[in-house]
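Structure record follows, encoded as structure tokens.
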Amino acid sequence: MKEITLALTERQENFLKEFAKKQYDGAKDNVFTETPIHTVQSKVERYIPYHEDLMDYFGGEKIKYSACDSYEIWFESLEDLIMDFFEDEPPIPYVSYEAVEHGTMIDVMGQEQEICSEKDYLAAYGITMTGKTWIIDEWKDVAWFFIRDEAKRYIEYQRHNLHAPRVYTHSLGYSNRGDLPEFREMLLTIGQSLNKEEQATA
């Protein structure tokens, strides 16, 4: 074992002390992982274009609809799309899709139309549906921390850049013999030594 002398800034010293106090073996902040590292995650929406062949995979996911050629505006229901398109005043009385599906309705031209699909339904209102997609919520790691409370503080000062953020604790990996566990243990040992020194001089 080799001994070295380190020069620490006050900020580095405080981080190491806090790390050792809060991330010891079995600590609450470890969230039941042996070698934790904490990340701030931001929610992102993944768009999967609707297709009947994918129903077995995504049938339970939420769906959004668009009548925008650039696919920039999406709605969570056909009713929301119609009301937004006509600013809450459609040219014909509003009826739900479920009420006319596999039936008929009078369209904006005064003609009776068969409604066999959601596209038929919107077309009756004079709207062309340009997109139908499943939306799957996923979480993207955006920042990494040794100290869980530092991750929470990051959320507070970066909240304007994040969407529904959360702190997630990862394990460094089962039987990981790489560098991260070694460096984590080294930092933990330094922090523990600093805390012992502080207690001895108190």
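The values are calculated or read from the model by the stated rules, or taken from the named source; none is laboratory data. On a predicted model such as this, the values are computed, not experimentally measured, just so you know. Here the Cβ is made from the backbone with ideal geometry for all residues, glycine too, and neighbour counts use every protein chain on show. Keep in mind that these areas ignore ligands, DNA and RNA; they rest on the heavy atoms of the full protein, side chains included. Shrake-Rupley method; radii C 1.70, N 1.55, O 1.52, S 1.80 Å.
Here are the numbers for the structure shown:
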quantity: Residues located in segment 186-202, provided they are surrounded by 13 or more Cβ atoms within 10 Å (Cβ to Cβ) and in contact (Cβ under 8 Å) with a residue 24 or more places away in the chain; calculated: Leu187, Leu188, Ile190, Gly191, Gln192, Leu194, Asn195
quantity: So Tyr57, is it of a type in the set (Phe, Trp, Tyr), open to solvent by 80 Å² or more (accessible area, probe 1.4 Å) and not in a loop (DSSP other than H, G, I, E, B); calculated: yes
quantity: Some residue of segment 63-82 being assigned to a strand (DSSP E or B), under 22 Å from the mean Cα position of the chain (by Cα) and free of Cβ contacts under 8 Å to residues at least 40 places away in the same chain; calculated: yes
quantity: Hits in segment 9-23 (condition: open to solvent by 30 Å² or more (accessible area, probe 1.4 Å) and either part of a helix (DSSP H, G or I) or under 10 Å from Leu188 (Cα atoms) (or both)); calculated: Glu10, Arg11, Gln12, Glu13, Asn14, Phe15, Glu18, Lys21, Lys22
quantity: Residue satisfying condition, being touching a Ser or Thr at 6+ places or on another chain (Cβ under 7 Å) and free of Cβ contacts under 8 Å to residues at least 24 places away in the same chain, within set Ile115, Ile106; calculated: Ile115
quantity: Lone qualifier among Ala151, Ala99, Ala123, Ala164 - being touching a His at 6+ places or on another chain (Cβ under 6 Å) and either among the hydrophobic types (A, V, I, L, M, F, W, C) or without any contact (Cβ under 8 Å) to a residue 24 or more places away in the chain (or both); calculated: Ala151
quantity: Flag for Glu89 being at pLDDT 95 or above and among the acidic types (Asp, Glu); calculated: no
quantity: Residue within segment 170-185 that is open to solvent by 100 Å² or more (accessible area, probe 1.4 Å) and either touching a residue at least 40 places away in the same chain (Cβ under 8 Å) or of a type in the set (Val, Ile, Thr) (or both) present; calculated: no
quantity: Number of positions in segment 125-144 that are among the aromatic types (Phe, Trp, Tyr) and crowded, with 17+ Cβ neighbours inside 10 Å; calculated: 2
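Residue-wise test of (1) of a type in the set (Val, Ile, Thr); (2) in contact with a strand residue (DSSP E or B) (Cβ under 9 Å, 6 or more places away or on another chain); (3) open to solvent by 80 Å² or more (accessible area, probe 1.4 Å); (4) at pLDDT 90 or above.
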position	(1), (2), (3), (4)
Leu6	no, no, yes, no
Asp25	no, no, yes, no
Glu34	no, yes, yes, no
Ile37	yes, yes, no, yes
Tyr47	no, yes, yes, yes
Asp53	no, no, yes, yes
Tyr94	no, no, no, yes
